[in-house]
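Read the structure below first, then the notes.
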Amino acid sequence: MENAVLSATELIETLAPGRRPVPIRVPLDQDECVWFLRAVTDGIVSFGECPPTCFRLKKWGASGPDHFATPAGKPRHLFSKPVGDIAWLNREYIPHIAAYSLAVIRYGYDPNASSFSLYRTFSRDLIGKTHGQSYETDAEFYDDEGRIYLQIEAKASTIQTERLAAEIEKHGQLAQLPQSVAKEIEYVLDLKPAYLWVAGPGSVDPPRHVFAVAVNGKNATFSQASDLPKP
């Protein structure tokens, strides 16, 4: 799709509440745009106006065409608020949606055995996190027994993505990561996914930063994989 960046930009602008200007401070990348557009055209994600029950509509008293639902039916929005002089794009959602759709469309992962933007609480004290503390995971795909098989950690920029992936590759263990980096993926100790995919602009297709995960107590070992595993 030669004009994927242009097409994605135009789509994003049409979804802006009130058709306000959209400053895209982190430039869009070709691969994330291709799979963001596929998510829309294939019905993986469906955007529409906020329904009367939408929390954002109730908070701001204004709707927007950027409302979509997670597989669990929870409301989410491409933009952070529907009012103001400009529309504030939740930039991370572009590679987030793109990575999710690539896993479903190309690799055959089942959206009915998945979650997207799921809120959780930690079930135990970890390194820096405490029992009951809330957090959000980007996307999860489950095996036949309901365990997390593939976890997607989406980043809003290439810099963030490459930094996290490079640290994981360099150290190979959660306990050896710098604290500022370890806190971004400390949840693997609680969730114990079989695989972790760090995805961002420029690393959605191909999925370059995929790691097999082995958890042992309060440490996890990461082994780089060459591709996404088969579902």
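Laboratory data are not the source of any read-out in this text; all were calculated from the coordinates shown. Because the structure is predicted, anything quoted here is derived from the model rather than measured. As a convention, Cβ positions derive from the backbone with ideal geometry for all residues, glycine included, and neighbour counts pool all protein chains shown.
Work out the P(r) tail for the chain: percent of alpha carbon pairs separated by more than 23 Å, whole number. Write down the numbers at each step before the final one.
Numbers: 13007 of 26565 pairs.
When all Cα pairs of the chain are counted, 49 percent exceed 23 Å.
How large is ³J(HN,Hα) for each residue in the range 15-24, as worked out from phi by the Karplus curve 6.51 cos²θ - 1.76 cosθ + 1.60 (θ = phi - 60°), to whole Hz, x for Gly and Pro?
In residue order, the calculated couplings are 8, 5, x, x, 6, 6, x, 10, x, 9 Hz.
Relative to the present Cα-Cα distance, how much length would full extension add between Gln179 and Lys192 at 0.36 nm per residue of separation? Don't skip to the end; give the middle numbers.
Working: separation 13, 0.36 × 13 = 4.68 nm, distance 1.93 nm.
Full extension from Gln179 to Lys192 adds 2.8 nm.
Of the GluC sites (Glu not before Pro) in the range 138-207, which ones lie in a loop per DSSP and count no more than 16 other C-beta atoms within 10 Å?
Working: sites: Glu140, Glu145, Glu153, Glu162, Glu167, Glu169, Glu184, Glu186; in loops: Glu145, Glu186.
Filter output for the range 138-207: Glu145.
May I ask you to derive the FRET efficiency for Gln224 and Glu13 from their Cβ-Cβ distance with R0 = 30 Å, giving the value to the nearest 0.05? Numbers along the way, then the final one.
Working: r = 37 Å, r/R0 = 1.24.
Taking R0 as 30 Å, the efficiency between Gln224 and Glu13 is 0.20.
Highest mean first, how do 224-231, 190-197 rank when packing is the count of other Cβ atoms within 10 Å averaged over residues?
Working: 224-231: 13.5, 190-197: 19.5.
Per-residue Cβ counts within 10 Å, averaged per peptide and sorted highest first, yield 190-197, 224-231.
Could you give each residue of the range 81-91 its phi-based ³J(HN,Hα) in whole Hz, using Karplus coefficients 6.51, -1.76, 1.60 with θ = phi - 60°, and x for Gly or Pro?
The phi angles translate into 8, x, 10, x, 6, 10, 9, 8, 5, 6, 4 Hz.
If you take the beta carbon distance between Thr53 and Arg120 as r and set R0 to 30 Å, what does 1/(1 + (r/R0)^6) give as a FRET efficiency, to the nearest 0.05?
On the way: r = 23 Å, r/R0 = 0.76.
Calculated value: 0.85.
Under a Cβ-Cβ limit of 4.7 Å, which cysteines in the chain have nobody to pair with?
For the chain, the answer is Cys33, because their Cβ atoms have no other cysteine Cβ under 4.7 Å.
What full-extension length gain, to one decimal in nm, is calculated for Tyr107 and Glu136 as 0.36 nm per residue of separation minus the Cα-Cα distance? Walk me through the intermediate numbers first.
On the way: separation 29, 0.36 × 29 = 10.44 nm, distance 2.41 nm.
Result: 8.0 nm gained on full extension.
In straight Cα distance, which lysines are under 28 Å from Lys218, not counting same-chain residues fewer than 8 positions off?
Straight-line reach from Lys218, under 28 Å: Lys129, Lys155, Lys170, Lys183, Lys192, Lys230.
Quick check on the range 136-202: of the DSSP beta bridges with both residues there, what percent are antiparallel, nearest 5%? Working shown, then result.
Working: 4 of 9 bridges.
If I count the DSSP bridges inside the range 136-202, around 45 percent turn out antiparallel.
How large is ³J(HN,Hα), in whole Hz, for each residue of the range 33-39 in order, when computed from phi with the Karplus curve 6.51 cos²θ - 1.76 cosθ + 1.60 and θ = phi - 60°, using x for Gly and Pro?
5, 4, 7, 5, 5, 4, 4
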